[in-house]
Amino acid sequence: MHPFILERPRDLSAALALRAQSGRNDAPAEYIAGGTDMVQLLQEYVRRPERLVSLAGLLDNRIEVGTQGLRLGTAATMAEVAAYPAVIEQFPVIAEALLNSASPQVRNQATVGGNLLQRTRCPYFRDVGYAACNKRAPGSGCAAIGGENRWHAVLGTSENCIATNASDLAVALVALDAAVEVRGASGKRTVPLIDFYRLPDATPHIETVLEAGEVLTAITVPVSPAARRSHYLKVRDRASFEFAVVSAAVALEMDGARIHHARIALGGVGTKPWRVPQVEAALAGATLDPAPLRSAAALAAQGAQGHGHNDFKIELMQRAIVRAVEIAGARA
Ligand SMILES: Cc1cc2nc3c(=O)[nH]c(=O)nc-3n(C[C@H](O)[C@H](O)[C@H](O)COP(=O)(O)OP(=O)(O)OC[C@H]3O[C@@H](n4cnc5c(N)ncnc54)[C@H](O)[C@@H]3O)c2cc1C
Ligand code: SF4
């Protein structure tokens, strides 16, 4: 285990001041919330901060559902959000994404803020025995390209990194046009979640638009008719305690037997949660019959590129979209 000093600031301003002294990633000081991801990375020497700045007790943990939509304080745990009756009723895709994540023990400890900022599960990133990983050691290369890449991305990749974003919650939130509230030493701002994550391009170690020291304080989800008729479909190698091979978050607004408006985001296939507007457009006016769903879902493959072991994901993500739309469409 990498040794560190644990800082327990009295309030958020003190936490921001401590963290602002550091850079973006692999900095001398890092935040820790539930610790379920951070501690694993410290144990494996993947992250080596001198100080951990605890966010415990400093951030809002309220879950609020009102006429404007849903607001989650980022200190709320995954378990609390998944069990909240109004979330289950009005935003089922969020509750389902969370219940299909990790284990009950992890969900009880992990915060939703930490979930959005967990690091990739690329095995080469998480094993310092591999020298080549541009995300962990910028400029060192990418062991996954040409290596074992069954778990890796087919969309949004670059020649420098093909790692997927691991958060199921982020996929559901992107489908619902969620935003995050961010606070830093220079004030507050709100960022649409779709713009929050960066593509790897030439700098895969910079994963979000967060500036040094900024903290996530809340997640907001606008109210919409589609949110009630939503579903999260997760395909994984075992039924629990496993990350997505492919996932599809779908929210539908229906007009009788036809889809009026669809919102679809994919997980397990992109270097960030992946919205597919071309599929959404093709579904407008479609019935829930298999043929129109399949031809719309085929458009998700636009721009997809396999790397050998993960080629199967291009077909699997289309099937996941079809099944998720069928399930969401059958909801009352
Ligand atoms: C065995 C196992 C299985 C898992 N399976 C899944 C799965 O299927 N699906 C899934 O989505 N996830 C899964 N996870 C990941 C899990 O959901 C995350 O570890 C967890 O959500 C992280 O939350 P945390 O509060 O523990 O964050 P921490 O580990 O404390 O922090 C994670 C990162 O976020 C930063 N951070 C935390 N909170 C904030 C904040 N408010 N503002 C700014 N930075 C912050 C920290 O600095 C750190 O970089 C799994 C984890 C484990 C251990
Ligand atoms: S895919 Fe990204 S995280 Fe994985 S080895 Fe390559 S650079 Fe590192």
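The values are calculated or read from the model by the stated rules, or taken from the named source; none is laboratory data. This is a predicted model, so every value here is computed, not measured. Note that each Cβ is placed from the backbone with ideal geometry, even for glycine, and that neighbours are counted across all protein chains shown. Areas reflect the complete protein model, heavy atoms only, side chains present, ligands, DNA and RNA absent. Shrake-Rupley method; radii C 1.70, N 1.55, O 1.52, S 1.80 Å.
General remarks:
- Expressed as a whole percent, the proportion of Cα-Cα pairs in segment 1-73 lying more than 18 Å apart is 45%.
- Taking the chain and dividing mean pair separation by its residue count, relative contact order in percent (alpha carbons under 8 Å, at least six apart): 17
- Here the Gaussian network model covers the chain, with springs between Cα atoms less than 10 Å apart; of Thr77, Thr157, Thr203, Thr203 fluctuates the most.
- Theoretical ellipticity at 222 nm over the chain - DSSP helices of four or more residues, -39500 (n - 2.57) apiece, nearest 500: -7000 deg cm²/dmol
- Here the accessible area is traced with a 1.4 Å probe on the protein chains. For the chain, carbon and sulfur cover 51 percent of it.
- Note that the chain, at 20 °C in a medium of 1.002 mPa s, gets a Stokes-Einstein diffusion coefficient of 106 µm²/s from its Kirkwood radius over C-alpha pairs.
- Computed about the Cα centre, the dipole magnitude for the chain is approximately 160 debye when only Lys and Arg (+1) and Asp and Glu (-1) carry charge, each at its Cβ.
- Taking amide H positions as modeled 1.01 Å from N, with prolines and chain starts lacking one, the residues under 5 Å from Thr217 and 5 or more places away or on another chain are Glu181, Val182, Arg183.
- Cross-link reach is defined here as a Cα-Cα straight distance under 16 Å, omitting same-chain residues fewer than 8 places apart; for Lys313 the lysines meeting it are Lys234, Lys272.
- Dipole-positive endmost among Gly285, Met38, Ser224 within the chain (Cβ charges, Cα centre): Met38
- Charge dipole of the chain about the Cα centre (unit charges at C-beta), most positive-ward option of Pro9, Ser186, Asn310: Pro9
- Ordering of 213-221, 167-175, 121-129 by packing [mean C-beta count within 10 Å, highest first]: 167-175, 213-221, 121-129
- Beta bridges per DSSP with both ends in the chain, % antiparallel, nearest 5: 85
- Looking at the chain, the accessible area is 43 square angstrom per residue; that uses a 1.4 Å probe and ignores ligands, DNA and RNA.
- Segment 139-153 and segment 207-278: distance between their alpha carbon centers, rounded to Å: 25
- In straight-distance terms, cross-link reach from Lys188 covers every one of the lysines whose alpha-carbon lies under 18 Å from its own, apart from those fewer than eight places away in the same chain; here that gives an empty set.
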